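The values are calculated or read from the model by the stated rules, or taken from the named source; none is laboratory data. Being a predicted model, the structure only gives us computed values, none of them experimental. Don't worry about glycine lacking a Cβ; one is built from the backbone with ideal geometry, like all the others, and counts go over all protein chains shown. Heavy atoms of the whole protein, side chains included, go into the accessibility calculation; ligands, DNA and RNA do not. Shrake-Rupley method; radii C 1.70, N 1.55, O 1.52, S 1.80 Å.
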Amino acid sequence: MLPSVDWRTAASCSRAFSKGGPRMSPEGALDVVADLHRHARTAIDLVTEYTGLVPAAQAPVDVVDRIRWSRINIAGFRRLLDGLGADVEETGVPSAAARLTGVQAGAVLAFLSSRVLGQFETFSSDTGRLLFVAPNIVEVERRLRLPSREFRLWIAVHEAAHLTQFTAVPWMRGHFEGLIQTFFDAAEPDRSSAAGLALAVRRALASARDDEPPQGPGTDVMTAVTSPEQRQAISQIQALMTLLEGHAEAVMDGVGRTSINHVALLRRRFDRRRTNPTTLQRFVRQLLGLDAKMRQYAAGRRFVDHVVGERGLDGFNRVWDAPANLPTEAEIDRPELWTARVLGARA
């Protein structure tokens with residue numbers, strides 16, 4: 001049985017900890033919302049044309065602020081965990097452990113809500129929904145001095161690629177949720193996480209302070225508090241997410257080369273944002289394991305580029321045929337192993 005979470009506490013904490021967005025006039029805000037809705041529709045068509053994958057479901061598009069983004073993700077997590085068998089407080093009064101978990105979840109979501117630009121959120125509804133966090137997009141385009149409308153379309157293409165992955169590939173959503181189920185099923189109920197959590201915090205602080213990459217196991221919360229069986233499930237989840245992120249990166253630049261005038265400028269300045277976090281951001285990213293996500297973009301992109309370069313887009317698209325065709329972490333690092341296993345020798 002999974003531990004319960006006080007979702008009301010999570011929502012209130014995420015709201016209390018969220019930062020305000022950039023200053024905008026009401027007219028300017030409405031223009032951003034309309035622009036992102038328009039770009040989302042265009043992006044879905046462009047991704048379909050580029051990838052050859054046709055979305056089977058019509059997912060809604062929402063342009064949201066930071067608090068609304070957190071609220072939608074809380075609803076999604078709650079729906080997912082309830083479906084996986086999360087414990088429900090029978091008394092109606094949350095336990096101290098549930099409230100503590102709610103505080104932790106709210107704090108994490110508040111941090112992420114100021115960083116996420118867009119997301120295909122898969123859990124809160126049957127179709128999923130495409131989200132764009134308007135204040136974050138405006139903040140980034142101002143700080144990096146990017147052409148606004150081109151940047152918004154470019155980001156929309158990335159998120160439309162994720163929408164396509166989950167709606168055009170009929171088994172993807174069930175497979176993803178099955179991996180999460182496996183992760184929770186492998187939990188050790190009596191496992192004490194206090195020492196591991198303390199170790200993760202110390203190493204995250206050292207990494208942020210020294211600006212050095214982490215060394216050895218247990219450098220993030222997930223590694224520090226999980227069982228060996230759970231880490232095997234994490235390996236499969238990481239391989240899948242690396243593939244999905246790398247594919248989305250390749251698609252946004254592939255589409256950009258024909259549909260966005262300044263895609264090279266966007267890529268150069270946007271990658272600089274990813275690789276130059278502040279000390280606080282380095283700490284939180286290391287603590288939460290988000291540096292692994294940063295590496296996913298690069299590793300996944302190398303895998304996709306290698307396979308497409310060697311076997312073309314049709315060859316790469318064999319990855320979507322069945323879960324057995326997904327690459328392992330080892331195959332992500334050595335794409336030739338995947339092509340040999342799935343595609344075989346050239347005719």
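Quick notes on this one:
- So Asn276, is it open to solvent by 60 Å² or more (accessible area, probe 1.4 Å), under 22 Å from Leu46 (Cα atoms) and modelled with pLDDT under 95: no
- Here Arg41 clears all of (1) basic (Lys, Arg); (2) in a loop (DSSP other than H, G, I, E, B); (3) free of Cβ contacts under 8 Å to residues at least 60 places away in the same chain except the condition numbered (2).
Condition check ((1) under 24 Å from Val255 (Cβ atoms); (2) exposed (fewer than 15 other Cβ atoms within 10 Å of the Cβ); (3) at pLDDT 95 or above) across all residues:
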| residue | (1), (2), (3) |
| --- | --- |
| Leu30 | no, yes, yes |
| Ala34 | yes, yes, yes |
| Thr48 | yes, no, yes |
| Val63 | yes, no, yes |
| Arg66 | no, no, yes |
| Ala75 | no, no, no |
| Gly83 | no, yes, no |
| Val88 | no, yes, no |
| Ser95 | no, yes, no |
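- Within segment 36-45, the set of residues being closer than 22 Å to Val116 by Cβ and open to solvent by 30 Å² or more (accessible area, probe 1.4 Å) comprises His37, Arg38, Arg41, Thr42, Ile44.
- Segment 110-123, residues that are open to solvent by 10 Å² or more (accessible area, probe 1.4 Å), over 21 Å from Ala160 (Cβ atoms) and assigned to a helix (DSSP H, G or I): Phe111
- A search for C-beta distances below 7 Å between a residue of segment 113-131 that is of a type in the set (Val, Ile, Thr) and any residue that is open to solvent by less than 20 Å² (accessible area, probe 1.4 Å), counting only pairs 6+ apart in sequence or on different chains, returns Val116/Trp69; Val116/Val133; Val116/Asn136; Thr122/Gly128; Thr127/Ala59.
- Helices (runs of 4 or more DSSP H) (entirely within segment 124-221) containing at least 3 residues that are open to solvent by 50 Å² or more (accessible area, probe 1.4 Å) and modelled with pLDDT of 50 or more: 134-143, 172-185
- Filtering segment 308-331 to residues that are open to solvent by 20 Å² or more (accessible area, probe 1.4 Å), part of a helix (DSSP H, G or I) and within 19 Å of Trp171 (Cβ to Cβ) leaves Asn317, Arg318, Pro323, Ala324, Asn325.
- Restricting attention to segment 16-37 and to residues that are in contact (Cβ under 8 Å) with a residue 40 or more places away in the chain and of a type in the set (A, V, I, L, M, F, W, C), the residue that is farthest from Arg142 (Cα to Cα) turns out to be Ala16.
- Screening Gly20 with (1) surrounded by 14 or more Cβ atoms within 10 Å (Cβ to Cβ); (2) within 23 Å of the chain's Cα centre (by Cα); (3) under 27 Å from Phe77 (Cβ atoms) gives one miss only, at (1).
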